[in-house]
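Working notes for the structure below.
All of the numbers you see were taken from the coordinates with simple rules; none came from a lab. Given the structure is predicted, the values throughout are model-derived calculations rather than measurements. Cβ sites come from the backbone with ideal geometry, for glycine too, and all protein chains shown count toward neighbours.
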Amino acid sequence: MAIDWFPLWLSLRVAAISTLLAVILGLWIAYWLAFRQFRGKEILDALVTLPMVLPPTVLGYYLLVLIGRSSPIGKLWETITGSPLVFTWRAAVLAALVHSLPLLVKSARAAMESVDSSYGRAARSLGIGEWSIFSRVTLPLVQRPLLAATALAFARSLGDFGITMMIAGNIPGQTQTMAVAIYDAVESGDGQLARLLVLVISAVALALLWIANRLAPESVA
């Protein structure tokens, strides 16, 4: 049986890019939620949490409205790139980002808030600025929990299905990720292919969970 490994490579690429974006955006959001007081903080926290409770089809619909070809963002993207954003691998990255960002933000915020505040006070007494405290004090103290959260975010990105189907579709050789390929194999009655793909993605997810578990236990304070 000839196996098309494109869905695996696409899933790994999508997960890698979306996880990188989630780390960059997630650390910034987690920092503001953990250490800053501002109007609308509870609303921001609720918006970050919302993708964890809404059905994937609802999230996919919101994204279709947001980045569809008739939306301002969709039109701007198509004007700049010459091609639509929806039903491309880039849309799959966006779907994975929405799926994984809340997990990373929640984990990063919890890790940051667990750091003893005396470290920050001591650094400020030495005249160190807030950014330096965050980058040179807080981040090193929560490095292992953040790496564990990153591994979990990667695994979550790897397994997205509902949002990806809504905004990226199921185009073999273009947007068909592993989760979508498994669904396609089951729907077409190819049980052997479905079982093989399930075993592969399960092995990858298990390895990521093992890494996360190895990193998570260390205390951050």
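Brief remarks on what is shown
- Look at [x] 164; [y] 139; [z] 112: the one that is volume of the Cα convex hull per residue in Å³ derived from this structure is [y].
- Each of 123, 213, 48 was scored by the projection of its Cα onto the charge dipole of the chain, and the greatest displacement toward the positive side belongs to 123; charges sit on the C-beta of Lys, Arg, Asp and Glu.
- Total formal charge among the other residues, if their Cβ is under 12 angstrom from that of residue 196, Lys/Arg +1 and Asp/Glu -1: -1
- Computed over the alpha carbons of region 157-200, Rg followed by Dmax gives 10.0, 28 Å.
- Residue (of 164, 182, 97) at the positive-pole extreme of the chain, dipole from beta-carbon charges: 97
- Taking 0.36 nm per residue of separation and subtracting the Cα-Cα distance, full extension of the segment from residue 110 to residue 187 would add 23.6 nm.
- Mean separation of Cα contacts under 8 Å, 6 or more apart, over the residue count of the chain: relative contact order %: 30
- Distance between the C-alpha centres of region 194-208 and region 56-84: 31 Å, rounded to the whole angstrom.
- Dipole magnitude (debye, nearest 20) for the chain, charges at Cβ of Lys, Arg, Asp, Glu: 660
- Think of each Lys and Arg Cβ as +1 and each Asp and Glu Cβ as -1; about the Cα centre, that makes the dipole of region 11-88 roughly 100 debye.
- Averaging the sequence gap over all C-alpha pairs within less than 8 Å and six or more residues apart, then dividing by the number of residues, gives region 120-221 a relative contact order of 38 percent.
- Net charge of the neighbourhood of residue 27, taken over other residues with C-beta under 13 Å away and scored Lys/Arg +1, Asp/Glu -1, is +2.
- FRET efficiency, 1/(1 + (r/R0)^6) with R0 30 Å, evaluated for residue 147 and residue 117 via beta carbons: 0.85
- For the chain, hydrophobic long helices are taken as DSSP H runs at least 30 Å long by C-alpha position along their axis with mean Kyte-Doolittle hydropathy of 1.6 or more; these are 6-35, 191-215.
- Virtual spin-label span in nm between residue 80 and residue 65, 7 Å along Cα→Cβ: 2.3
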